1. Restricting to the range 119-140, give me the number of residues that are surrounded by 17 or more Cβ atoms within 10 Å (Cβ to Cβ) and closer than 30 Å to Ile473 by Cα.
2. Specify the residue that is surrounded by the fewest Cβ atoms within 10 Å (Cβ to Cβ); the eligible residues are those in the range 341-381 that are of a type in the set (D, E, K, R), in contact (Cβ under 8 Å) with a residue 60 or more places away in the chain and in contact with a strand residue (DSSP E or B) (Cβ under 9 Å, 6 or more places away or on another chain).
3. Taking the condition more than 30 Å from Ser309 (Cβ to Cβ), at pLDDT 90 or above and touching a Ser or Thr at 6+ places or on another chain (Cβ under 6 Å), does Ser203 pass?
4. Looking at the range 354-386, which of the residues that are of a type in the set (Val, Ile, Thr) and in a strand (DSSP E or B) is farthest from Phe304 (Cα to Cα)?
5. Yes or no: the range 62-73 includes at least one residue that is in contact with a Lys or Arg (Cβ under 9 Å, 6 or more places away or on another chain), among the charged types (D, E, K, R) and surrounded by fewer than 17 Cβ atoms within 10 Å (Cβ to Cβ).
6. Looking at the range 177-189, can you tell me whether even one residue there is in contact with a Ser or Thr (Cβ under 6 Å, 6 or more places away or on another chain), at pLDDT below 90, surrounded by 15 or more Cβ atoms within 10 Å (Cβ to Cβ) and closer than 30 Å to Ala274 by Cα?
7. Identify the residue in the range 198-207 that is touching a helix residue (DSSP H, G or I) at 6+ places or on another chain (Cβ under 8 Å) and surrounded by 15 or more Cβ atoms within 10 Å (Cβ to Cβ) and, among all such residues, is nearest to Arg403 (Cα to Cα).
8. Quick one: would you say Lys298 is of a type outside the set (Ser, Thr, Tyr) and within 26 Å of Tyr393 (Cβ to Cβ)?
Amino acid sequence: MTNIEVKVRVILIEDGFNNNEKNSVKRIVGSVIRKKEEMKVVALETIKINNNSSSTQNNSLQLNDSDVVIVKYDLIYQAQNNLQQQKEIKKHRNLIYLINNKFTNDIMKNAENDSVLGIFNVGEFYGNGISIDYQEISRFAETLKKAIRNELTRMQPEELICKKIDWKLSLGKDYGAEISLFSDPKIRSSIIKVNRICDGLKSIVEELKKIRDGLEKDIQSLQPKKQTTNQELNNNVVEIIEKINSEFKSESIPRRVPLILIRGPSGGGKTLMAKYISERLGYNDFTRITLLNIPQEKFEEELFGMFSSDGFFIPGKLLMNIGRTVFFDEIGDIAPTVQAKLLTYFDDMEAMIENYHNPVKIPLFIIGATNRDIESDVKKGDFRADLFHRFDYEIRIPALKERMSDFRYILSFVLQNEKNKLSSKVECISIRAIEKLENYDYPGNFRELEIIVRNAVVNAEMNYRTCIIERDIEF
């Protein structure tokens, strides 16, 4: 946005305010308009209508349609002089009333009849015999900010009233997707819980890594390959499995590694949280397994492995990831027979490899995820209570619509992330586009936001714009 003449005035009519009230209002207004004031598009002016003094040196009340007027409610409904000016103020379209007492039915009815933008208790701005109400201050500031934006947008092209896509946070070169988890208080409490859980598991991680590192070549040699004879299979694969089994049955490894369950709606960021947990534990990545995609009759083969009758050894996914982290997605949807098999493994992290004579110790960190109401499924008999209670820790991910307090941080991350993916030239997003995104419900949660933003970036590019505008946002 370039420097232009003042377009919007915030008019504070001083009559009826004491010094504390006036100063607190001016301080809040100043914080709202500071940047726009520097660009000479918004200015604060104070006016008195009951005497000849005026900080603007203009005794007459001359309001522009674009002005945002802040006035004491009592000046309009209690004062007996300047009735003509009072009527003029009441008719203004951008009007904010301030009171210094409790709301009454009459006050609310009058404010409604006058179609005011908002009505606020100014005493709560600075603590007039009561505690300061920061939520009331925030509501007042947001109402003022929205009124100014609406006027600026009405008078100028949408692209000029915009934000840089990194206006809330700036991604470095090596940023991780998990940064989008940290924005609002609800998710932050889950992150703190995860950090404490992972920090408490560090000693187990270190021991598992130590054993895994010493066996890495042996484990990698188990990759599927045809053996020339059964004798060769017995001499090589069986020997390696017994070596792995012996090492991981060490007294330094607990009987079972604690299990973590992530719960939340589809598209809410459960996979991102699982990645964060894995990284916090000290692992660079994890293997994702969707249990629903595994046929029930091949469950043991896929997870634990098998010796086939024709000379193949097929190592299971869990065996190949022994000592690491594995993410079981959609664990709440698995069939009862699969639940029973998992329960047996979760008890002591030992499994039977098909056509092998001894149980094999396969300790690793299991992170499960589900979007289902497990307690309800347990009551209906659709999910085993004993399997549910095998999970030692539970992390909850709220829906995106519950994280709107810091939605703009999440949006800023997604905008930059999608720009980088698409190698786009998009640099900013209009306020109208932001507000349109804020007013959507997101039944598909975080994943849906990513898709909407991705399409918006493409729409802006197709129209040779570096700014995403309202019509680029498609639901």
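The values are calculated or read from the model by the stated rules, or taken from the named source; none is laboratory data. As the structure is a computational prediction, the values presented were derived from the model and not from experiment. Positions of Cβ are generated from backbone atoms using ideal geometry, with glycine treated the same way; all protein chains shown enter the neighbour counts.
1. Total meeting the criteria: 1.
2. The selected residue is Asp348.
3. no
4. Thr370
5. Within the range 62-73 (the criterion being in contact with a Lys or Arg (Cβ under 9 Å, 6 or more places away or on another chain), among the charged types (D, E, K, R) and surrounded by fewer than 17 Cβ atoms within 10 Å (Cβ to Cβ)), the answer is yes, since at least one residue qualifies.
6. Yes, because at least one residue in the range 177-189 is in contact with a Ser or Thr (Cβ under 6 Å, 6 or more places away or on another chain), at pLDDT below 90, surrounded by 15 or more Cβ atoms within 10 Å (Cβ to Cβ) and closer than 30 Å to Ala274 by Cα.
7. Cys198
8. No.
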